[in-house]
């Protein structure tokens, strides 16, 4: 679906933000990209939709080099929700906000109408249809940006730091949304340093450090990498710490309460 | 008591409901108190009523009393309050005004008209406390998010406030940087004896250093106790507070008959207790 | 816009000229400006420009000043044409055109070598009200922040299928709306947060705010200032008369 081949990106200022990234994202996968601020996560995402073009190496989407097409064409397939909703909400009403991209993509009037209603319904925003997006709460704005993207039904959804500034309930809803997207066959890429949020989703985890991919695999194995995570300044999930502490004693194998163990291994926290 | 809030009510003009509703709280000196609750529960309003932005900058229906260090916030001027209550806002970017770190740290002192020598001493002290000596001559745009956070805090510390409010201080930081920041707060409490009131969603980070946790919902205080009382209890879940996964497991370990889990431990500690149990 | 940012926005440098007291740098700029005004022949303007270029070279900002000059050239050609159409006088028209270049670069020299911090100091020296100085400081301080905002907004809207450089002029202007509205909204939110932070740090609390850094002219500053004045007087004398009517 998306292929990064030995991608390097050097900023106009001379900073090497990506330094030889090779990474393939297959259709239907749920991938988390983690790493400290400045590790190159967002720069990588911007390459997927051609907002940035690699200094060297190639990025292809469905076999098409991003250099040979436009961001508009790529965005039709890949919807990106950036971190700050205030950086994109501008319309007079919530429904206009959702319709904006659909009109840009040339959807018919009836289709726009239908998709807008569907998107607002899906994210519980129907009652705000005619309100200004600016009066929404932080959590609602976030959901609106997701509705805006899902309305044009891209095959890939990329979420850039979706949990920043969100409280427990809002995070829970976000988690549900991501599960829902995965189950409907969407490819979901989550860029986040919120490990506690990612862990229950059990995604494929790509760890970045100084513009490179330093680890890549299922959450369960990557999150057990201890030192590798430490050197990338990624915190391991608390449950993993607990599991390791309990399990790693040679004199005493891990025999926690059955339930607790199941959660830890299953990756989800009890409620 | 450094902070006393007695039956505070506040309603913004034209708002249908009170943002803060019959809220009372007493905080002794040098405590680290975490204030938690879902978005829109009134935390931000409460914080602004403590540092005086309410009622001095934002008017509304105000009743009850807030006292910091014994004197009423309502009756004090912003000049006095700025020296008594330090406020670190959520986005450090929007509280760094000057072109160099050093001059920004001095901003509040310059405004107060503190003499140059005294100002120099206090700026250097704040720089020392936060370990940002190497940044003193930098411009704001040359700083990382974590560094901006420290610079903004230094500007607050230079005023030598008794009470320091941190409004979601780690929301923009990555986890390791956030942990460093929490350690820094714990050290500051030791070094300068200040009292901290911290609003934060990421409770897992603060469990270790907090003395107390207060949960708000719809403008009211609904829970108030030690972090373990609040997080190991059954009520916090319902108020939009994110219970750290480890706390959930600990609760279960405790139910499973694991003695000694009456306060919150970090993962390593739980493992050690479990180990002892098994012998 | 671009030539403005190239020629008038400070970028850090550390030459001896940079380290001069900003008042001295301002004096030099004003004096070269004045010399350009009283010059009556093109070769005199040429001398002024040469002088500025030498100083710019010493201050390691020659490339930037040269770029400012090149970009000013279009405007100055326009001045030349207009003048020539009206006066039909080749000499005076080219004098005006060259004088414009000299005036721009003499101003540019001050701005590219003076930190915003020093600018603030100069403003304070002129006893401008504190609010005015502070408004200036914040405006300059947040220029890079707002530029970053603008870039992020553009990325977000492009990701929603907005094609900025498509269509006719009217369409392109309309394409700016999704960029400008969030930019303004963010600026308003930001200014609210700034106001809160200012209040919380006692802005305006004292009638007589103090300053962390003390500014005192060093010996080198005094010597340079004196030299600048002497050079100016010599130039003025050699251009014959300070009292002669300006220009032809």
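The values are calculated or read from the model by the stated rules, or taken from the named source; none is laboratory data. Computed from a prediction, not measured in an experiment: that's the story for all the values here. Note that we place each Cβ from the backbone using ideal geometry, even for glycine, and neighbour counts take in every protein chain shown.
So the values come out like this:
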read-out: Qualifying residue in the stretch C:158-169 (condition: in contact with a strand residue (DSSP E or B) (Cβ under 7 Å, 6 or more places away or on another chain), at pLDDT 90 or above and over 16 Å from residue B:98 (Cβ atoms)); value: yes
read-out: Meets criteria (away from chain B (no Cβ under 14 Å) and either crowded, with 22+ Cβ neighbours inside 10 Å or over 20 Å from residue B:178 (Cβ atoms) (or both)) for residue A:234; value: no
read-out: Within the stretch B:113-138, considering residues that are buried (at least 19 other Cβ atoms within 10 Å of the Cβ) and within 8 Å of another protein chain (Cβ to nearest Cβ), the one nearest to residue B:101 (Cα to Cα); value: B:123
read-out: The stretch B:76-122: number of residues that are under 28 Å from residue B:27 (Cβ atoms) and assigned to a helix (DSSP H, G or I); value: 17
read-out: Pick from the stretch C:156-182, criterion more than 9 Å from every other protein chain (Cβ to nearest Cβ) and assigned to a helix (DSSP H, G or I), ranking: surrounded by the most Cβ atoms within 10 Å (Cβ to Cβ); value: C:175
read-out: Failed item in (1) within 13 Å of chain C (Cβ to nearest Cβ); (2) crowded, with 20+ Cβ neighbours inside 10 Å; (3) more than 17 Å from the chain's Cα centre (by Cα), with residue B:58 passing the rest; value: (2)
read-out: Output for the stretch C:69-78, where each listed residue is touching a helix residue (DSSP H, G or I) at 6+ places or on another chain (Cβ under 6 Å) and either crowded, with 18+ Cβ neighbours inside 10 Å or closer than 16 Å to residue C:45 by Cα (or both); value: C:69, C:72, C:76
read-out: Answer from A:116, A:64 - the residue that is more than 12 Å from chain C (Cβ to nearest Cβ), over 25 Å from residue A:195 (Cβ atoms) and surrounded by 16 or more Cβ atoms within 10 Å (Cβ to Cβ); value: A:116
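Results for (1) more than 30 Å from residue B:110 (Cα to Cα); (2) surrounded by 22 or more Cβ atoms within 10 Å (Cβ to Cβ), shown as yes or no for each residue.
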| site | (1), (2) |
| --- | --- |
| B:160 | no, no |
| B:173 | no, yes |
| B:176 | yes, no |
| B:183 | no, no |
| B:188 | no, no |
| B:196 | no, yes |
| B:221 | yes, no |
| B:226 | yes, no |
| B:231 | yes, yes |
